[in-house]
Amino acid sequence: MSRHCPALFIAAPASGQGKTTFTAALARYHRNQGRTVRVFKTGPDYLDPMILEVASGHPVYQLDLWMNGEADCQWRLYDAAGAADLILIEGVMGLFDGKTSSADLAQTFGIPIAALIDASGMAQTFGAIAHGLFHYRPDLPVAGVIANRVASEGHAQMLAESVKSIPLLASLMRDESITLPERHLGLVQASELEDLEQRLDQAAKQIANTNLAKLPEPVTFESQAAPEPPPLLQGKHIGVARDEAFAFIYPANIQLLEAMGAKIDYFSPLSDTQLPRVDSIWLPGGYPELHLDTLSNNRSMISSIRQHFEQNKPMLAECGGMLYLTESLTDKQGTAAEMVAILAGSASMQPRLTALGMQSVDLGDGKLHGHTFHHSSFETPLEANFHAVRQRGKTQGEAVYRINRLTASYLHLYFPSNPISVAHILKM
């Protein structure tokens, strides 16, 4: 049985147009009207969903035709349509960017696209960009266009005149008080913004007098049963690092582990003195380079993690989690600190992005999808046990190291893409 729910896909011609701030504002506005809003984020991203979760009051899941697969995307949308008054999807980069793009996702599920365009420094050209976005590919579902960072009422009038046949949904004035701060991997984490609630409520006020204040037309979401993964982790306790240093966790990954029977025990390498009593641990990515002294000086936690490793218990370390297990980590200012020293070698932050893109890896149980995105390099005498394969291009993907029961890599894995492989990584 199909379900019907108003839905909107927020896209843009490029990154940096203000998609996350706008999507959060729209979610907060409708939430403030007493509506249940479910927000999704296209593609691999941890930071934007943190903001969107605060704005909407609900966990934000990823949708990506390659990383998730179409069936996973379909059941998540179908599930949300059963509970929500409004579904919002924030796109990734530009509308057509990527091997499976925002346009592909919107077209697959028939979700009307609202194109957000930063109108700073332009007038009539705004209409040309809007026309190009919606006529580049035939049969795109179109909601309209939104002018962002508009300078004045006169500027808004010129933009409106340039659009012609495409509906102008809103002209949003420039407001530095709602701009979200960024660092090298994107927006800062939601937990670091003490005034985030006030920013969101201020941003939501811009929605009130626009066409976006009313719900869009309902979209039909076809029935798709939720997956039923095998109970391979039944009764297992999995320790998951979660704090300001390690926070890059897909909600879908936790959801899958629990669906396979695992009990999740969160711990903090920053503030806890030892691991909880667990069978295996997962060290996700994050910002360990911003907490060098605290991590290095927590010797009791380091000792506890080493003991877990020496007892040959399963461990998964992703990106920042892997850096934490090296002998030393050096930040962008050149300050180095000792880390856990399970992995031979040292890591250092670099001034530029060193890797970006979708990758998959086969650890013996079929392909496990994920992505890589980091500003660091890892110098090690260790030989990789596996290498990932890039979604695009022919160059070698990220190295995967296996020592005892430790699996470590720069890869951020999307667990639902291969539950059996994940279970084998984390199961005793």
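If you look at just the Cα atoms of segment 237-426, how large are its Rg and its Dmax in Å?
15.4, 44
Mean separation of Cα pairs under 8 Å and 6+ residues apart, divided by the residue count of segment 277-324: what relative contact order is that in percent?
69
Can you tell me what percent of all Cα-Cα pairs in segment 254-360 are more than 16 Å apart?
Counting every Cα pair in segment 254-360, those more than 16 Å apart make up 61 percent.
Taking the Cα centre of segment 3-219 as origin, work out the dipole magnitude from +1 charges on Lys and Arg Cβ and -1 charges on Asp and Glu Cβ, in debye rounded to 20.
My answer is approximately 420 debye.
Just need the Rg to Rh number for segment 320-371, please, alpha carbons only, Kirkwood Rh.
Over the Cα atoms of segment 320-371, Rg/Rh equals 1.09.
If you project the alpha carbons of segment 66-132 onto their three principal axes, what span does each projection cover, largest first, in Å?
Answer, in whole Å and largest first: 41, 30, 16 Å.
At 0.36 nm per residue, minus the direct Cα-Cα distance, what do GLU383 and LEU270 gain on full extension? Give it in nm, one decimal, please.
Gain on extension, GLU383 to LEU270, equals 37.7 nm.
Could you list which residues have their amide H under 5 Å from that of PHE40, counting only those 5 or more apart in sequence or on another chain, with H placed in the peptide plane?
HN-HN under 5 Å from PHE40: LEU88, ILE89, GLU90.
Taking the Cα atoms only, what angle lies between the long axis of helix 153-163 and the longest principal axis of the chain, rounded to 10 degrees?
90
Given charges of +1 on the Cβ of Lys and Arg and -1 on the Cβ of Asp and Glu, with all other atoms neutral, how large is the dipole of segment 237-426 about its Cα centre, in debye to the nearest 20?
420
Using 0.36 nm per residue, how much length does the chain from GLU217 to TYR136 gain when fully extended, once their Cα-Cα distance is taken away?
26.8 nm
Do any GluC sites (Glu not before Pro) in segment 120-215 lie in a DSSP loop with no more than 16 other beta carbon atoms within 10 Å, and if so, which?
Passing both the DSSP loop test and the Cβ count: GLU194.
How much net charge surrounds MET67 when only the other residues with a Cβ under 12 Å from the Cβ of MET67 are counted, with Lys and Arg +1 and Asp and Glu -1?
Once positives and negatives cancel, what remains is -1.
Could you give the nm distance between label points at ASN312 and ALA341, where each point is 7 Å from its Cα heading toward the beta carbon?
2.4
Compute the acute angle (0 to 90°) between the alpha-carbon long axis of helix 125-135 and the principal axis of greatest extent of the alpha-carbon atoms of the chain; round to the nearest 10°.
With rounding to tens, the tilt is 70 degrees.
Select from HIS387, GLY261, SER377 the residue farthest towards the positive end of the dipole of segment 237-426; place +1 on Cβ of Lys and Arg, -1 on Cβ of Asp and Glu, and compute about the Cα centre.
Final value for the positive-end residue is HIS387.
Please name which of ILE178, ASN68, PHE126 has its Cα lying farthest along the dipole of segment 3-219 towards the positive end, using unit charges on Cβ (Lys, Arg +1; Asp, Glu -1) and the Cα centre as origin.
PHE126
Taking the Cα atoms of segment 3-219, what is the range of coordinates along each of the three principal axes, in descending order and whole Å?
Projected onto its principal axes, the Cα set of segment 3-219 covers 44, 44, 35 Å.
Which is farthest toward the positive dipole end of segment 237-426 among TYR250, SER300, LEU325, measuring Cα position about the Cα centre, with Cβ charges +1 (Lys, Arg) and -1 (Asp, Glu)?
TYR250
Taking the highest mean first, how do the peptides 382-393, 255-266, 6-17 order by number of other beta carbon atoms within 10 angstrom per residue?
For the peptides 382-393, 255-266, 6-17, the packing ranking is 6-17, 255-266, 382-393.
Please tell me the relative contact order of the chain in percent, rounded to the nearest whole number, where contacts are Cα pairs under 8 Å and at least six residues apart.
Normalised by residue count, the contact order of the chain is 14 percent.
Hand me the trypsin sites (Lys or Arg not before Pro) from segment 123-208 located in a DSSP loop with no more than 14 other Cβ atoms within 10 Å, in residue order please.
LYS164
Distance check, please: which entries in LYS41/LYS367; LYS41/LYS313; LYS19/LYS263; LYS99/LYS394; LYS236/LYS367; LYS332/LYS427 exceed 26 angstrom between their Cα atoms?
Long pairs (Cα-Cα over 26 Å): LYS41/LYS313; LYS19/LYS263; LYS332/LYS427.
Counting Lys and Arg as +1 and Asp and Glu as -1, each charge on the Cβ, what is the dipole of the chain about the Cα centre in debye, to the nearest 20?
The dipole magnitude comes to about 500 debye.
So what's the net charge close to LYS313: Lys and Arg +1, Asp and Glu -1, counting the other residues with Cβ under 10 Å from its Cβ?
Here the charged neighbours net out to -1.
Give, as a single signed number, the net charge of other residues whose beta carbon lies under 11 Å from the beta carbon of LEU8, with Lys and Arg counted +1 and Asp and Glu -1.
Here the count lands on -2.
Taking a cut-off of 34 Å, what percent of all Cα-Cα pairs in the chain are separated by more than that?
Cα-Cα pairs in the chain separated by more than 34 Å: 34 percent.
Read the figures in this text as sums done on the coordinates, not as results from a lab. Bear in mind the structure is a predicted one, so any value in this text is a computation, not a measurement. Methodologically, a virtual Cβ is constructed for each residue, glycine included, from the backbone with ideal geometry; neighbour enumeration extends over all protein chains shown.
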